[in-house]
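Input: a single structure, listed below in structure tokens.
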Amino acid sequence: IDPLILSQSRTSFSFLVLLPVLLLRRGRARLRLPRKEVLQLLVLGVLGVAASNFFYYLAIQRTNVAIAIILQYTAPIWVLLYTVARGLQRATAQRLLAVALALSGIVLVIGIVGSGPLHLDTLGVAAAMLAAFSFAFYNVGGHDLLARHDRWLVLLYVTCSASLFWLVVNPPWKIVAAHYSGMEWTFLLVFSLVSVLGPFSFYFAGLQHLEPTRAIIVSCLEPVFSIVIAAVALGEVMRPVQTVGIVLVLAATLVVQMPDRKGEATIMEPIE
């Protein structure tokens, strides 16, 4: 299945399932937002959710799960660099250390340093980095909206905008011409629910018992589980030098999330 249809079905099915649920529970009036904020959510849906999904699956197709998810999880580093450049945060030793660890880990993961060539696909690595930038953009751009509105409402609008965008890029007649089987459509439906709506509901339940900083640190285990599952289920093998790179990237992600001496912490809400 093409990465485009994976990304399109993931947001479209999620929107089509979430919309009637919210309409029944809240009514149409409570789902309305000011026009200005709707436009902001449209941009977030296209440049954040749609772009992040597509480039991530393209990276998996051209490289493997481990490399794709590790490069995508450099997003907290790019958020940090942006906030420091804008004067929203200070360039503390802790944050500079996190950037250095992340960049060193990336060098090892993609095989720039190590014994023997890794033969990575250039397009795959570029797609993984674009997924990271899109993920970072979603978090920076959506921070203010998430502070004012219910997360499910924000999710509804961004999945709607992403779905509309994909209908323009890949209209229905092209989807029909692909002749996907009933089993493939069933997989796409289940995949969208398991990879979007299910994880969000569990994550929000976790936030009822954990403060956001602790919750996001726990969610940093996602790359670890992804790599382990990929190794077991797909037979992907990581070289020792790449394993060291993974550890450095994960360490950087944890360091950048830790509060500084004044108790300040960088908070990111995962959308993947």
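Here are some notes:
- Residue pairs meeting the criteria (Cβ under 7 Å; at least 6 apart or on separate chains; first within 14 Å of V190 (Cβ to Cβ), in the range 1-23; second among the acidic types (D, E)): I1/E184
- Residue list for the range 24-40, restricted to those being open to solvent by less than 70 Å² (accessible area, probe 1.4 Å) and either in contact (Cβ under 8 Å) with a residue 12 or more places away in the chain or of a type outside the set (G, A, S) (or both): R26, L31, L33, E37, V38
- Number of residues in the range 148-179 that are over 19 Å from the mean Cα position of the chain (by Cα), aliphatic (A, V, I, L, M) and assigned to a helix (DSSP H, G or I) equals 7.
- Looking across the range 56-75, just one residue is within 10 Å of the chain's Cα centre (by Cα) and either of a type in the set (G, A, S) or open to solvent by 30 Å² or more (accessible area, probe 1.4 Å) (or both), and that is A75.
- Qualifying position, being assigned to a helix (DSSP H, G or I) and either modelled with pLDDT under 75 or open to solvent by less than 40 Å² (accessible area, probe 1.4 Å) (or both), among A205, A233: A205
One line per residue, one yes/no per condition, for (1) closer than 23 Å to V158 by Cα; (2) modelled with pLDDT of 70 or more; (3) part of a loop (DSSP other than H, G, I, E, B):
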site	(1), (2), (3)
G198	yes, yes, no
V228	no, yes, no
M238	no, yes, yes
T243	no, yes, no
I246	no, yes, no
V249	no, yes, no
A252	no, yes, no
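- Filtered residue count, the range 149-170, keeping only those that are aromatic (F, W, Y) and under 12 Å from L44 (Cα atoms): 2
- Check on F187, modelled with pLDDT of 80 or more, under 30 Å from L248 (Cβ atoms) and surrounded by 14 or more Cβ atoms within 10 Å (Cβ to Cβ): no
- Of the listed requirements (1) part of a helix (DSSP H, G or I); (2) at pLDDT below 90, L130 misses just one: (2).
- Residue that is open to solvent by 50 Å² or more (accessible area, probe 1.4 Å), within 27 Å of L153 (Cβ to Cβ) and touching a residue at least 60 places away in the same chain (Cβ under 8 Å), where the choices are V79, V43: V43
- Checklist (1) assigned to a helix (DSSP H, G or I); (2) at pLDDT below 80; (3) surrounded by 19 or more Cβ atoms within 10 Å (Cβ to Cβ) applied to V107, failing item: (3)
For (1) small (G, A, S); (2) more than 18 Å from F15 (Cα to Cα), each residue gets a yes or a no:
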residue: V38; (1), (2): no, no
residue: V46; (1), (2): no, no
residue: A51; (1), (2): yes, no
residue: T83; (1), (2): no, yes
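The values are calculated or read from the model by the stated rules, or taken from the named source; none is laboratory data. Bear in mind that the values here come from a model prediction, so they are computed numbers and not experimental data. Quick reminder, even Gly has a Cβ in these numbers, built from the backbone with ideal geometry, and neighbours come from all protein chains shown. Heads up: the accessible areas ignore ligands, DNA and RNA and are worked out on the full protein's heavy atoms, side chains in. Shrake-Rupley method; radii C 1.70, N 1.55, O 1.52, S 1.80 Å.
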